[in-house]
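Structure, as structure tokens:
The values are calculated or read from the model by the stated rules, or taken from the named source; none is laboratory data. If you're wondering where the values come from, they're calculated on a predicted model, not measured in any experiment. Backbone-built Cβ (ideal geometry, glycine too); neighbour counts: all protein chains shown. When the accessible area is computed, the model is the full protein with side chains, heavy atoms only, and any ligands, DNA or RNA have been set aside. Shrake-Rupley method; radii C 1.70, N 1.55, O 1.52, S 1.80 Å.
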Amino acid sequence: MLPKIVLASASPSRQRLLNSAGLNPEIRVSGVDEEDPRYQGLSPKELVIALAIVKAHTIKREIDFPALIIGCDSTFEFAGESLGKPLTAEIARERAQKLSGKSGILHTGHCVIDTSKDIEYSDVASTKVYFSKMSDAEINSYIATGE
């Protein structure tokens, strides 16, 4: 029997990924402040692993049952800068125009804690992402999806 899986994330895409693998995690949002000034000096790669670890450990302190806790964080690095989630349609439009026809690196940090065996594993996966040249109409259409 598999242990209870706890996803320390509100990300619908992470939940869908686990569901598609036949896993049904309990969702627990860590409430970690990703904008905390302590993280500002970190590189994008360091940032995602630090946040993944902090999120997983935050949930570990909150639960009192054996579980596999999965903490994750992602950021997109472009020209050495970490680009967070665009909070407005205008920011999304500016960013899409800047990225059009270029590439960057998507960094995703993962931390898995098995509380019953007191084992922890963390790592970062980095993937180069290429963007096609996008017209303003394509950018506006994409933004309209709310994705």
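For Ser20, indicate whether it is of a type in the set (S, T, N, Q) and open to solvent by less than 70 Å² (accessible area, probe 1.4 Å).
Values: of a type in the set (S, T, N, Q): yes; open to solvent by less than 70 Å² (accessible area, probe 1.4 Å): no.
In short, no.
Select, from Thr108, Thr58, Thr75, the only residue that is of a type in the set (Val, Ile, Thr), within 30 Å of Pro3 (Cβ to Cβ) and touching a Pro at 6+ places or on another chain (Cβ under 6 Å). So that I can check it myself, show each step before the final result.
Details: Thr108 fails: touching a Pro at 6+ places or on another chain (Cβ under 6 Å); Thr58 fails: touching a Pro at 6+ places or on another chain (Cβ under 6 Å).
One residue alone meets the criteria, Thr75.
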query: From the residues in the range 107-147 that are within 30 Å of Asp64 (Cβ to Cβ) and of a type in the set (Gly, Ala, Ser), which one is most open to solvent (accessible area, probe 1.4 Å)?
result: Ser116
- prompt: If we keep just the residues of the range 23-52 that are of a type in the set (Ser, Thr, Tyr) and in contact with a strand residue (DSSP E or B) (Cβ under 9 Å, 6 or more places away or on another chain), which is most open to solvent (accessible area, probe 1.4 Å)?
  reply: Ser43
message: With the structure loaded, tell me whether Lys55 is within 13 Å of the chain's Cα centre (by Cα), surrounded by 15 or more Cβ atoms within 10 Å (Cβ to Cβ) and of a type outside the set (Ser, Thr, Tyr) or whether it fails that test.
response: yes
- request: Run Thr75 past the list (1) closer than 22 Å to Phe131 by Cβ; (2) more than 13 Å from the chain's Cα centre (by Cα) and report the number of the one that doesn't hold.
  value: (2)
- prompt: List the pairs whose first member sits in the range 1-20 and is part of a helix (DSSP H, G or I), whose second member is surrounded by 15 or more Cβ atoms within 10 Å (Cβ to Cβ) and of a type outside the set (Val, Ile, Thr), and whose Cβ atoms are under 8 Å apart, counting only residues at least 6 apart or on separate chains?
  reply: Arg14/Leu7; Arg14/Cys72; Gln15/Leu7; Gln15/Ser9; Gln15/Pro25; Leu18/Leu7; Leu18/Pro25
- request: Considering every residue within the range 76-97, establish whether at least one is hydroxyl-bearing (Ser, Thr, Tyr), surrounded by 11 or more Cβ atoms within 10 Å (Cβ to Cβ) and closer than 30 Å to Ala137 by Cα.
  value: yes
